[in-house]
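K.L.:
Here it is, the structure, as C-alpha cells.
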Amino acid sequence: MATPKRASLPLFPIVVGVVIAIGLAVVVATVVGGDDDTSTVDVQQTRAVSVDGDPLPAFDGDSVEDPALGLTAPTVTGENFASEPLRIANDGRPKAIAFVAHWCPHCQAEVPRIEEWLSTTGLPEGVDLYFVSTRVSAPDGNYPPSEWLEREGVSGVPTIADDEGSTALAAYGAGGFPYLVYLDADNNVVLRTSGEYGSDPQAYTPVFEALASGEPPVDPRG
C-alpha cells in the first residue's frame, strides 16, 4: 500500500511573509528608537535673548580693581532648554550667574564642584543661582550643553540658553570661563571671577554667605 504524501506548504508565500514581518519590525524599531534619539538632540541649544540696560564693562580677570563693581547689571530675558521663559533681573534678591561653555575643560571641571556644593551645603536662604549656557559650538566636544548639564546633575538650576551671538555673555562683560558674576539685592555687581575655584567645593560657601548677609564677597582664591 502506497504511503500518502504529506501536503507541502507553498514556499513562496512563507518567504514573503517572513520578509514582511522583518521589515515591519525594523520600521517599528526605527520609529521608536528615533523618538528616543531626537528627544534630546532636537532640543534647541541656543535661544533668543534680549537685554535691557547698559552692558557691564569687559572683565579682565582682576576682581579687586574691577570697573564693574557697584554698577547695576542689565536684565537678561530668554528661555531655558524646555522653552520656558526665564529672566535674570532686579527682583530684590542677591544672586550669582555662572556663564559656562560646554566645550571648556575648566567648566567641565567646575560644574561638578558646584553640583557637589549645592547637594552638600546648598544655597543660603534668599540667594539665587543661575546658569547661562553660552558660546555653543556643535563641532566642539561635550555637545549638546543641555545633556551635559543634565548629566552633571545641575539641570534643576535655572538656566538661560544664550543666543548664537552670546548676547547675554557680552552684556555681562564676557569673562573667561567659567565666569561668575555676583549681584547684591539691588542687582549691583559685587564680585566677578573667571576660572576654576579649586578642588574644594566649599570654596563657594563664604562667597554665598557674604551675599546672604549683604557683605561684599571676596574672591575665594585670594
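The values are calculated or read from the model by the stated rules, or taken from the named source; none is laboratory data. Source: prediction; values computed, not measured. Heads up, the Cβs are rebuilt from the backbone with ideal geometry, glycines too, and the neighbour counts pull from every protein chain shown.
K.L.:
When the residues of the stretch 110-133 are filtered to those that are at negative phi and loosely packed, with under 14 Cβ neighbours inside 10 Å, which remaining residue is nearest to the chain's Cα centre (by Cα)?
P.N.:
119
K.L.:
Out of all the residues in the stretch 70-83, is one or more touching a residue at least 60 places away in the same chain (Cβ under 8 Å), over 19 Å from residue 192 (Cβ atoms) and in a strand (DSSP E or B)?
P.N.:
yes
K.L.:
Does residue 152 fit the bill of being touching a helix residue (DSSP H, G or I) at 6+ places or on another chain (Cβ under 6 Å) and not β-branched (Val, Ile, Thr)?
P.N.:
Answer is yes for this residue.
K.L.:
Also, quick follow-up: In the stretch 199-212, is there at least one residue being touching a Lys or Arg at 6+ places or on another chain (Cβ under 9 Å) and surrounded by fewer than 16 Cβ atoms within 10 Å (Cβ to Cβ)?
P.N.:
Yes, some residue in the stretch 199-212 is touching a Lys or Arg at 6+ places or on another chain (Cβ under 9 Å) and surrounded by fewer than 16 Cβ atoms within 10 Å (Cβ to Cβ).
K.L.:
Would you point out which residue out of 50, 83 is exposed (fewer than 15 other Cβ atoms within 10 Å of the Cβ), modelled with pLDDT of 50 or more and either within 19 Å of residue 170 (Cβ to Cβ) or not assigned by TED's automatic domain parsing to the domain that holds residue 166 (or both)? Can you show your working first?
P.N.:
Details: 83 fails: either within 19 Å of residue 170 (Cβ to Cβ) or not assigned by TED's automatic domain parsing to the domain that holds residue 166 (or both).
One residue alone meets the criteria, 50.
K.L.:
State all residues of the stretch 84-116 that are among the charged types (D, E, K, R), in a strand (DSSP E or B) and in contact (Cβ under 8 Å) with a residue 24 or more places away in the chain; if no residue qualifies, say none.
P.N.:
Within the stretch 84-116, 95 is the sole residue that qualifies.
K.L.:
Further, regarding this structure: List the number of the failed condition for residue 172; all other conditions in (1) farther than 20 Å from residue 69 by Cβ; (2) surrounded by 20 or more Cβ atoms within 10 Å (Cβ to Cβ); (3) in contact with a Pro (Cβ under 9 Å, 6 or more places away or on another chain) hold.
P.N.:
Single failed check for residue 172: (1).
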